[in-house]
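The block underneath contains the structure these notes are about, expressed in C-alpha cells.
FYI, it's all coordinate maths here, none of it is from the lab. On a predicted model such as this, the values are computed, not experimentally measured, just so you know. Cβ: placed from backbone, ideal geometry, glycine included. Neighbour counts: every protein chain shown.
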Amino acid sequence: MNSIIIAVVILGGIAFVAAIVLFVCSKKFAVFEDPRIARVNELLPGANCGGCGFAGCNAMAEALVKESDKGSIEGISCPVGGAEVMSQVANLLGMTVANGEPQVAVIRCNGTCENRPRISQYVGLRTCAAMNACGAGETACGYGCLGCGDCVNACQFDALHMNKETGLPEVDENKCVTCGACVKACPRHIIELRKKGPKNRRVFVSCVNRDKGAIAMKACKSACIGCGKCAKECQFEAITIEENLSYIDFTKCRLCKKCVAICPTKAIQAVNFPLPKNTEVKKEVEA
C-alpha cells in the first residue's frame, strides 16, 4: 500500500514539475501573431498563386501588416483580387493604396505553323521545359513558343488555351488575373505582363528572337529583324533596339500604331483596335 502511495506522490510531483516547466516555456517562447494578419488573410481571395511575389496569401497578409506598421503598403498588390480587394485591405489597415493600372499576360511570339514551319520532330516528354532542355525544339527558332502548353497547365484561372491551328497559346483577357504563373512556366520567356491599355488596346513586339535579321527571317517569316524602322518612326521614344530585337515600353507608348504600319515583317501587333473602314468594306464585299 505504501509503495502505491509513494508512486502516486512521485508521479504527481513529476507532473507538477512538468506543468510548471511547460507553463514557463509557453510564456518564454510564445510567438505573438498580430490578429490583423488573420483578418487581412480573410479578405484575400485564397488563390495562393504567388502572383503577389509571396508564398501564398497568408505570407502576403503578414507582409501587408508589417509594411503598414512602417506607414505604407505601396508596392504590394494582389493580382487576383485586384483594386477592390486591396482597397478593403487598405481600409482595414488604415492605409491608402494607389490604384495600379490593370495588366494582362501577352504572348510575345507570332511563330504560327504558317510563319514558322516545323523542320524536325521531337520525341520525348511533351513539355516545354523538357523540349527546351533538349535544344531548339521542332523549328529553326531557338527563341519562340514550343507549343507544349506548360503555360496553360500553370494557369489556375482557365485564362490560357492552345490554339490548334496556330500552335500558340492564347490569353483570355477577361479571365487573366496577371498572377504571373504562365510567365514563370515558360522556359523561353515569351510571356510578359503588360498594361492592358485604354479600351484594352495594346501595341507590342510579338517576337523575342535575338538572331540577326537574315537568320531570324529564315526561322520565322514574322520575326523581328532589328532593322530599327519602328524606333525611328516612334515620336515618343518608346521603342528601343537591343541585340537585334525591338521592344516597346508600354509606359511610353501612345498607341499611335505608326510602328505597326512600318514594320516590314509585321512583327509588331496591335490588339483590340477597330478595323480600318476600308478593311470592313472589303470584308463585306467578300462575304
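Gain in length, PHE16 to ASN58, computed as 0.36 nm per residue apart minus the alpha-carbon separation, to one decimal in nm? Provide the component values of the computation, followed by the final result.
Working: separation 42, 0.36 × 42 = 15.12 nm, distance 3.78 nm.
Answer, rounded to one decimal: 11.3 nm.
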Leaving out same-chain residues fewer than 8 places away, which aspartates and glutamates sit with a Cα under 15 Å from that of LYS175?
-> ASP158
Starting from the Cα-Cα distance between GLU42 and ASN153, subtract it from 0.36 nm times their residue separation and give me the gain in nm to one decimal.
-> 37.2 nm
A student applying the Cα gyration tensor rule (rounded when a/c is under 1.5; otherwise prolate if a/b is larger than b/c, oblate if not) would label the range 210-253 prolate
For every helix of n ≥ 4 consecutive DSSP H residues, a contribution of -39,500 (n - 2.57) applies; sum these over the chain, divide by its total residues, and give [θ] at 222 nm rounded to the nearest 500 deg cm²/dmol.
-> -10500 deg cm²/dmol
Mind checking which of ALA223, CYS78, THR251 is farthest towards the positive end of the chain's charge dipole, using Cβ charges of +1 (Lys, Arg) and -1 (Asp, Glu) about the Cα centre?
-> ALA223
Is the range 97-228 best put as rounded, prolate or oblate by its Cα gyration tensor, with a ≥ b ≥ c the root eigenvalues, rounded for a/c under 1.5, and otherwise prolate when a/b is larger than b/c, oblate when not?
-> oblate
Mind checking Rg over Rh on the chain, alpha carbons, Kirkwood formula for Rh?
-> 1.22
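Could you tell me whether the range 161-287 comes out rounded, prolate or oblate from its Cα gyration tensor? Rule is a ≥ b ≥ c as square roots of the eigenvalues, rounded for a/c under 1.5, then prolate if a/b exceeds b/c, otherwise oblate. Spell out each step's value before the answer.
Details: a/c = 1.26, a/b = 1.05, b/c = 1.19.
Rounded, since a/c falls under 1.5.
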Pair LYS164, ALA261: separation of 7 Å Cα→Cβ label points (nm) = 3.9 nm
If you project the alpha carbons of the range 234-273 onto their three principal axes, what span does each projection cover, largest first, in Å?
-> 29, 23, 16
Determine the relative contact order of the range 135-287: mean sequence separation of Cα pairs under 8 Å and six or more apart, normalised by residue count, in whole percent.
-> 19 percent
Rounded to the nearest 10 degrees, what's the angle between the helix 57-70 long axis and the longest principal axis of the chain, both from Cα atoms, 0 to 90?
-> 80 degrees
Relative contact order of the chain, pairs being alpha-carbon contacts under 8 Å that are 6 or more residues apart, as % | 15 percent
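Placing unit charges on C-beta atoms (Lys and Arg positive, Asp and Glu negative, everything else neutral), compute the dipole magnitude of the range 103-281 about its Cα centre in debye, rounded to 20. Numbers along the way, then the final one.
On the way: 26 positive and 16 negative charges, 97 e Å.
The dipole of the range 103-281 has a size of about 460 debye.
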So if R0 is 35 Å, what FRET efficiency would LEU275 and ASN91 give, r being the distance between their Cβ atoms, rounded to the nearest 0.05?
-> 0.20
PRE zone check, label point 7 Å out along Cα-to-Cβ of LYS184, amide N under 20 Å, scope the range 27-67, hits 41, 44-64
Inter-probe distance in nm under a simple model that places probes 7 Å from Cα toward Cβ, at SER3 and ALA129 = 6.4 nm
Sequence of HIS189, HIS161 once ranked by neighbouring C-beta atoms within 10 Å, starting from the fewest = HIS189, HIS161
